[in-house]
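So the structure is just underneath, and the comments pick up after that.
Any read-out appearing in this document is the output of simple, stated calculations on the displayed coordinates, not a laboratory observation. Here the structure is a predicted model, which is why all the values come from computation and not from measurement. Reconstructed Cβ throughout: ideal geometry from the backbone, glycine too, with neighbour counts over all protein chains shown.
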Amino acid sequence: MSIARHHAEWLSLVPVSGPFLSLPVLMEAFNTGLEPHDPDQSRLLRQEYGNWQEAMEKRESDPAPHQHWIILVLSKTLELDDQVLLEGQAIPQTLQTEIPEHHELLRPSIVVIDPNTKKPRLLVQTYPCSQELTSYVANSRWKVSPDTRMTELLHATGVRLGLVTNGEQWMLVDAAKGETTGYSSRYAALWLEKITLQAFRTLLSASRFFDVPDDQTLEALLTKSASNQ
């Protein structure tokens, strides 16, 4: 398979609204294709996905299996370890914003920070598996969806990238300042096809955030793509 066809294939499996990565930018940045397939990672993910599905089908009130699945994807699949993940009280108040007219406080569930500069690179917001990411949040006075909430949070905090998930859908929100916001989704069920898992890991793994030159980060690739779309 040609490299162009390789990239075109996985792009076709990513539902997108607004700007996203362009084929010319992908061809330049990944001219040998996506990162190699990791069979061990794929097996682990398939097993844990099955465990998560089984737990969700039981509809028990215990949130632990849901949280375990999300943290596993971040820490094992994307290799974002404890040095770069902030949760709970460790998240600074500067990364939250109040919507006073609706009595709402927007605050990420998890934050990915640069281990050297401590700068936030990705805000993560988690929801129950029953919550659709483009529908109103259940039991909330503010009748807007999770994707809109993340956009508001990113604009308020000045962080460009957000990730919103209900465990099955993983939506990347690209809220570049002064630009149209882009939304692109990956679905856990499709990770069983190796090319979709490769794409997810290639774009959102720790190495793409911290181990490449500034002009090769995900943010930089999205900026380059916007200029030729």
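Placing +1 at every Lys and Arg Cβ and -1 at every Asp and Glu Cβ, with all other atoms neutral, what dipole size does the chain have around its Cα centre, in debye to the nearest 20?
The calculated dipole for the chain is roughly 240 debye.
Taking other Cβ within 10 Å of each residue's Cβ, how do S22, S135 sort, fewest first? Spell out each step's value before the answer.
Working: S22 19, S135 12.
Going from sparsest to densest Cβ surroundings: S135, S22.
Pop out the ³J(HN,Hα) list for the stretch 45-52 in order, Karplus 6.51 cos²θ - 1.76 cosθ + 1.60 with θ = phi - 60°, rounded to Hz; leave Gly and Pro as x.
5, 4, 5, 5, 5, x, 4, 5
Given H placed on each backbone N at 1.01 Å, which residues far from V144 in sequence or on other chains put an amide H within less than 5 Å of it?
It is V137, by chain and number.
I'd like the distance between the alpha-carbon centres of the stretch 19-57 and the stretch 116-154, rounded to an integer number of Å.
The distance from the Cα centre of the stretch 19-57 to that of the stretch 116-154 comes to 22 Å.
Taking +1 at the Cβ of each Lys and Arg and -1 at the Cβ of each Asp and Glu, which of L72, L23, S2 sits farthest along the dipole of the chain towards its positive end, judged by Cα position relative to the Cα centre?
So the residue we want is L23.
Would you mind checking K118/K177; K58/K119; K58/K194 for any pair whose Cα atoms are more than 30 angstrom apart?
Going by Cα-Cα distance, K58/K119 fall outside the 30 Å limit.
For the stretch 92-229, what relative contact order do you get, as a whole percent, if you take Cα pairs closer than 8 Å and at least 6 residues apart? Numbers along the way, then the final one.
Working: 210 pairs, mean separation 21.4, N = 138.
Rounded, it is 16 percent for the stretch 92-229.
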